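Presented below is the structure to which this report refers.
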Amino acid sequence: MVARDETYNYERFRMDNYELGYFPGPKAGESMNYDYSFTDLDGNEVRLEDYKGKWLVIESGSLTCPMYVKNVRPFELLKDKYPDVEWLVVYVREAHPGTRIKPPESIDEKIKMAQRTKSDYGEERKIVVDSVDGGWHHDWGLLPNMIYVVNPEGQVIYRADWSFAKNVDKVLSERDKIHTDEHIVILGTPPWVFIPVTLKAGWIAVWDILVGLPALLINHVKADIQAWKARRNSKTTSEAAQ
């Protein structure tokens, strides 16, 4: 588990900034803790408890997170498809900082980065900003692009370590079900978005991804295998109980 210290807002991406498979926070079927506050792009407090009694989809992201950027347009379409749902993007920390985009050191700097995220990508969902030390981010998973779907009773019906609009669409079309498959295989994600997004932070950010690519691939494969084993064991246990 990553401690809440100066390493949270890292200056250069390395694979060991993340611990794939580490996913705290409310699981599917559990109740969500609403005791969190964010800051909106105007500097106002946004309380999570204000969303009690509503369908809520929460996604984490940042300006230099390609996995988040790939979602902006697809989620815009979902926002129109499901007008009864509230949508929040939580700006957490820069996934791939560099010489042009450095890790924010204050809430004002985080707000500016979140504002740029909104304008650069045409984000139509509400963007809120986590604390500088990542209070919500630590408690809910620490990954750069997580997704949670919460029903009006405050129960998580779906969460995933990586966000894809097609999966959220399926969940929102089957709201009476609890969706427990929370690990997403991402190695087949189209690579076209990675270079332009990370290049916003400078060539050093692109270099960091290229240098870290072997470790990135190895760790993702390990996480995929671990999740597959967990699903297999769960299925075996379920079949034995019948």
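Just so you know, all these numbers are worked out from the coordinates, no wet-lab data involved. Source: prediction; values computed, not measured. In this analysis, Cβ positions are derived from the backbone assuming ideal geometry, glycine residues included, and neighbour counts consider all displayed protein chains.
Using the Karplus relation 6.51 cos²θ - 1.76 cosθ + 1.60 with θ = phi - 60°, the per-residue 3J(HN,Hα) values for the range 124-131 come to 9, 6, 6, 9, 10, 10, 6, 5 Hz, with x marking Gly and Pro. Along each principal axis, taking the top coordinate minus the bottom one, the Cα set of the range 15-241 gives 56, 42, 30 Å in descending order.
Loop-located GluC sites (Glu not before Pro) in the range 144-231 (DSSP state other than H, G, I, E, B) with a sparse environment of at most 13 neighbouring Cβ atoms within 10 Å: Glu153, Glu174.
Loop-located GluC sites (Glu not before Pro) in the range 55-137 (DSSP state other than H, G, I, E, B) with a sparse environment of at most 13 neighbouring Cβ atoms within 10 Å: Glu105. Who wins for biggest fluctuation among Ala201, Ala160, Ala95 in a Gaussian network model of the chain, springs between alpha carbons below 10 Å? In the Gaussian network model the winner is Ala201. Here the 3J(HN,Hα) profile of the range 100-112, calculated from phi with Karplus coefficients 6.51, -1.76 and 1.60 at θ = phi - 60°, is 8, 10, 9, x, x, 10, 8, 5, 5, 5, 5, 4, 4 Hz, Gly and Pro shown as x. Percent of Cα pairs in the range 12-136 per distance bin of 5 Å, from zero to the largest separation: 2, 9, 19, 23, 21, 17, 7, 2, 0.
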